[in-house]
Amino acid sequence: MASRRILVVGSGGREHALAWRLARDPDAEVLVAPGNPGVEGTLRCLPIAESDSPSLIAACQAEGVDLVVVGPEAPLAAGLADALQRAGVKAFGPSAEASRLEASKWFAKQLMREAGVPTARAEAFDALDAARAALRRAAPPYVVKADGIAAGKGVRVTSDRDAAEDFLASCLERGSFGPGGRRVLIEEFLEGEEASVMAVTDGERFVLLPAARDYKRAREGDAGPNTGGMGAFAPLESVTPRHEDEIARRVVAPVLEAMARRGTPYRGLLYCGIMLGPEGPLVVEFNCRFGDPETQAVVPLLEGSFADLLDGAASGSLDRSSIRRGEGAAVSVAVVDRGYPERVEGGGRIEGVDRLAAEPGVLLFHAAAAPDEGLWRVRGGRALHVAAVGPDREAARHRVYRALERLGGEGWRFRSDIAAARERARAALGAS
Ligand code: AMP
Ligand code: GLY
């Protein structure tokens, strides 16, 4: 088959994982823009910012790109997929209108109400007094959210009413989240186990990828502040085939139908943040793109042609049989700056990275790191992701931590309990 050129847009570990997986398909030639120094080692990177749609379009035309896969939400919300399509370039990723499912939590709630999708009850406020009064009527724990995109910091879950009120004031009075915080949601607290379920869709048909668990908190035992994600594993066994069937029927299908009815069909990746409660799966949030770091643990498990799957979705002719779920499990652990997320200093030295890439079953997905005389320097919060596949979760976990133990240097750390059994996670919490 003739080779097909695919451009992955973005610069993090998620984009490295997507590009790595696409490049394994025999007929795919993969470029990345802008990528990062680690990606440059194996794939051609174009020095174009993800926000620069005119230059991305020009590069696609000059390079004869057949398909663009957009990683992050910001360019999607700003209309990159629309601009590419208008220029005649096929894009995997929703339109700006459709990406409101992530860009406005209130829009997502209204759509879920319209489509009958199970989720937490919520009210929206744009005035502080009314929001405060609603909080006083509510019972703890309080869940307060900025409506718009807030760089992953727009959610506060707390039993401390003063802290919840302070969050309201930071959104509505102090404007800490800019336009994304001019409206807030006060939501019912959901109990249960969290799961990330991603659907690839052409707007009508869809396929669910293996469910994953994301570790959002900075410290072992789920302590410390929320981060962009400290690690992930897949598949998540607690998402049973029955849960998947319910998520397909009660979440994904009705959302796609409602979006199509509105004249804004949803094409691309629909990320469903799910709470598995006593009454079944409930939606916590939607994202309009692949999860980070879930992708680093999910794509290594996909067999078949990932390029065909994404191309089919972007073309409106998704073929579910393009991919199969492989046997086994994958675990991915983020290597982060010592002070992440509160005080990222940068400059840490990671030694032995290149050696890991040669180990069987171990995968390296680069993010904010740069090579420096035989080692890698930390250049941001999450420097790189080390992933491993194995016949089961325990084997993959063992492999990834054995690899991580061989890294040297200073100024960086990782969570030691990614994909550990719950008992171990609790023990770690007790010990910290
Ligand atoms: P979100 O950005 O909406 O995913 O929220 C970030 C995190 O806050 C989620 O992953 C959950 O851990 C937590 N969270 C959000 N909404 C709720 C809720 N209604 N009940 C309990 N926890 C929640
Ligand atoms: N891992 C959660 C996210 O990608 O937003």
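The values are calculated or read from the model by the stated rules, or taken from the named source; none is laboratory data. Small disclaimer: the values here were computed from a predicted structure and weren't measured. Quick reminder, even Gly has a Cβ in these numbers, built from the backbone with ideal geometry, and neighbours come from all protein chains shown.
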Answer from Ala58, Ala17, Ala96, Ala81 - the residue that is more than 16 Å from ligand 1 (Cβ to nearest atom), in a helix (DSSP H, G or I) and in contact with a Gly (Cβ under 6 Å, 6 or more places away or on another chain): Ala81
Test for Ala212: is it crowded, with 19+ Cβ neighbours inside 10 Å, within 16 Å of ligand 2 (Cβ to nearest atom), more than 25 Å from Arg121 (Cβ to Cβ) and in contact (Cβ under 8 Å) with a residue 40 or more places away in the chain: yes
Quick test of your reading of the structure: Leu172 fulfils all but one of (1) surrounded by fewer than 23 Cβ atoms within 10 Å (Cβ to Cβ); (2) of a type outside the set (D, E, K, R); (3) away from ligand 2 (no atom under 16 Å from the Cβ); (4) over 30 Å from Ala260 (Cα atoms). Name the failing condition by number. (1)
From Val69, Val65, Val89, grab the single residue that is within 28 Å of Gly231 (Cβ to Cβ), among the aliphatic types (A, V, I, L, M) and at pLDDT 95 or above. Val69
With respect to Gly291, determine if the residue is among the small types (Gly, Ala, Ser), under 27 Å from Ser11 (Cβ atoms), within 16 Å of ligand 1 (Cβ to nearest atom) and in contact with a Gly (Cβ under 9 Å, 6 or more places away or on another chain). yes
Every residue in segment 170-184 that is in contact with a Leu (Cβ under 8 Å, 6 or more places away or on another chain), outside any helix (DSSP H, G or I) and of a type outside the set (Lys, Arg), please. Glu173, Val184
Working only within segment 165-207, note down all residues that are touching a residue at least 40 places away in the same chain (Cβ under 8 Å), more than 15 Å from ligand 1 (Cβ to nearest atom) and among the small types (Gly, Ala, Ser). Ala169, Ala199, Gly203
Among residues of segment 11-28, those that are farther than 12 Å from Ala297 by Cα, away from ligand 2 (no atom under 16 Å from the Cβ) and of a type in the set (D, E, K, R), counted: 3
Residue list for segment 144-158, restricted to those being at pLDDT 95 or above and either in a loop (DSSP other than H, G, I, E, B) or within 12 Å of ligand 2 (Cβ to nearest atom) (or both): Asp147
The condition of being over 23 Å from Ala96 (Cα atoms) and hydrophobic (A, V, I, L, M, F, W, C) holds, among Leu67, Leu46, only for Leu46
Checking the structure you have, find out if any residue of segment 115-131 is at pLDDT 95 or above, buried (at least 22 other Cβ atoms within 10 Å of the Cβ) and closer than 23 Å to Pro72 by Cα. no
Does Ala139 meet the test of being assigned to a loop (DSSP other than H, G, I, E, B) and either more than 30 Å from Val239 (Cβ to Cβ) or more than 15 Å from ligand 2 (Cβ to nearest atom) (or both)? yes
All but one of (1) of a type outside the set (S, T, N, Q); (2) assigned to a helix (DSSP H, G or I); (3) within 12 Å of ligand 1 (Cβ to nearest atom) hold for Ala130, so report the exception by its number. (3)
Residues of segment 258-291 satisfying the condition of being within 16 Å of ligand 2 (Cβ to nearest atom), farther than 17 Å from Ser95 by Cβ and of a type in the set (D, E, K, R): Glu285
Counting only residues in segment 351-392 that are over 25 Å from the mean Cα position of the chain (by Cα) and in a strand (DSSP E or B), the one surrounded by the most Cβ atoms within 10 Å (Cβ to Cβ) is identified as Leu375
Condition (residue is crowded, with 23+ Cβ neighbours inside 10 Å and in a helix (DSSP H, G or I)) applied to segment 313-325: is it met by at least one residue? yes
Which numbered condition trips up Gly116, out of (1) in contact (Cβ under 8 Å) with a residue 60 or more places away in the chain; (2) within 16 Å of ligand 1 (Cβ to nearest atom); (3) not charged (D, E, K, R)? (2)
Of the residues that make up segment 409-421, is at least one over 23 Å from Pro225 (Cβ atoms) and crowded, with 18+ Cβ neighbours inside 10 Å? no
How many residues, within segment 201-216, are in a strand (DSSP E or B) and touching a Ser or Thr at 6+ places or on another chain (Cβ under 9 Å)? 6
Could you please find all residues in segment 408-424 being aliphatic (A, V, I, L, M) and either modelled with pLDDT under 95 or farther than 15 Å from Arg217 by Cβ (or both)? Ala421
For segment 215-226, name all the residues that are surrounded by fewer than 22 Cβ atoms within 10 Å (Cβ to Cβ) and within 11 Å of ligand 1 (Cβ to nearest atom). Lys216, Arg217, Asp222, Asn226
Name, by its number, the condition in (1) free of Cβ contacts under 8 Å to residues at least 12 places away in the same chain; (2) closer than 26 Å to Glu15 by Cα that does not hold for Pro241. (2)
State which residue is surrounded by the fewest Cβ atoms within 10 Å (Cβ to Cβ) when the search covers only segment 43-87 and only residues that are closer than 21 Å to Ala307 by Cβ, over 23 Å from the mean Cα position of the chain (by Cα) and not hydrophobic (A, V, I, L, M, F, W, C). Gly64
